[in-house]
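Worksheet for the structure shown next.
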Amino acid sequence: DAGVIQSPRHEVTEMGQEVTLRCKPISGHDYLFWYRQTMMRGLELLIYFNNNVPIDDSGMPEDRFSAKMPNASFSTLKIQPSEPRDSAVYFCASKTDGSSYEQYFGPGTRLTVT
Amino acid sequence: AQSVTQPDIHITVSEGASLELRCNYSYGATPYLFWYVQSPGQGLQLLLKYFSGDTLVQGIKGFEAEFKRSQSSFNLRKPSVHWSDAAEYFCAVGAVGTGFQKLVFGTGTRLLVSP
């Protein structure tokens, strides 16, 4: 099993540019989660999907952030326009339905906005 | 809303010494509890989990945790720390109202291992 795959692993961009982060969940997993990790705020849940449908996006900081899951094997998190305060590590995680409750995390994407 | 408190931001332990990382949660009923570890530059990896039954749970890498309902705690322990255990450790609770699918994480404890 390849685990959760995220790309790119590192992204450096200038303020105002559009940034797209990508995630491929573990095959067969029904849930997908996007987290953001910063020193100041720790690990925050941004949004999660069940069967490709967004369930809770209350953690999305503002309208500049959007997430999609067009199919069971792919999700994107887009920031447009990006700002320096968006600099963070963004993690994707997936899990199966049912009673396992364990989330499997990807390696993360380190985003730096200058 | 549920919350998780990890009161220690940093802990330094000598290699070979025992370790205990503290975690307190807020939830009235039996919670679903987890400990994750994050090595530098890596994602989070599950160490162990508690749903019900035996209050002492064993995990990977020689870790164990004990659920104490009376103290609302789920402390992580290891009898002998290795240098490779240096990492950040996160306690988490399954959020009620989401069927426990959503996790609420603590702020983490960074473990430093001295020679």
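Considering region B:38-73, and only residues there that are more than 18 Å from B:GLY94 (Cβ to Cβ) and in contact (Cβ under 8 Å) with a residue 40 or more places away in the chain, the residue that is farthest from the other protein chains (Cβ to nearest Cβ) turns out to be B:GLN71. Consider region B:40-73 and keep the residues that are within 11 Å of the chain's Cα centre (by Cα) and of a type in the set (Asp, Glu). The one that is nearest to A:TYR104 (Cα to Cα) is B:GLU64.
Scanning region A:38-57 for residues that are part of a loop (DSSP other than H, G, I, E, B) and over 14 Å from the mean Cα position of the chain (by Cα) yields A:MET39, A:MET40, A:ARG41, A:ASN51.
Any residue in region A:30-37 that is not in a strand (DSSP E or B) and not polar (S, T, N, Q)? Break it down stepwise before answering.
So the first thing to find is which residues in region A:30-37 are not in a strand (DSSP E or B), and the list is A:30.
When the remaining residues are screened for being not polar (S, T, N, Q), the result is A:30.
Taking every residue of region A:30-37 in turn, at least one turns out to be not in a strand (DSSP E or B) and not polar (S, T, N, Q).
In the condition set (1) more than 14 Å from every other protein chain (Cβ to nearest Cβ); (2) touching a Lys or Arg at 6+ places or on another chain (Cβ under 9 Å); (3) on the phi > 0 side of the Ramachandran plot, B:LEU19 is compliant with all but (3).
When the residues of region B:74-87 are narrowed to those that are over 10 Å from the mean Cα position of the chain (by Cα) and part of a strand (DSSP E or B), which ends up farthest from the other protein chains (Cβ to nearest Cβ)? Result: B:LYS78.
Only the coordinates and a few stated rules stand behind these numbers; no lab work does. Quick caveat: nothing in here was measured; it's all calculated off a predicted structure. In this analysis, Cβ positions are derived from the backbone assuming ideal geometry, glycine residues included, and neighbour counts consider all displayed protein chains.
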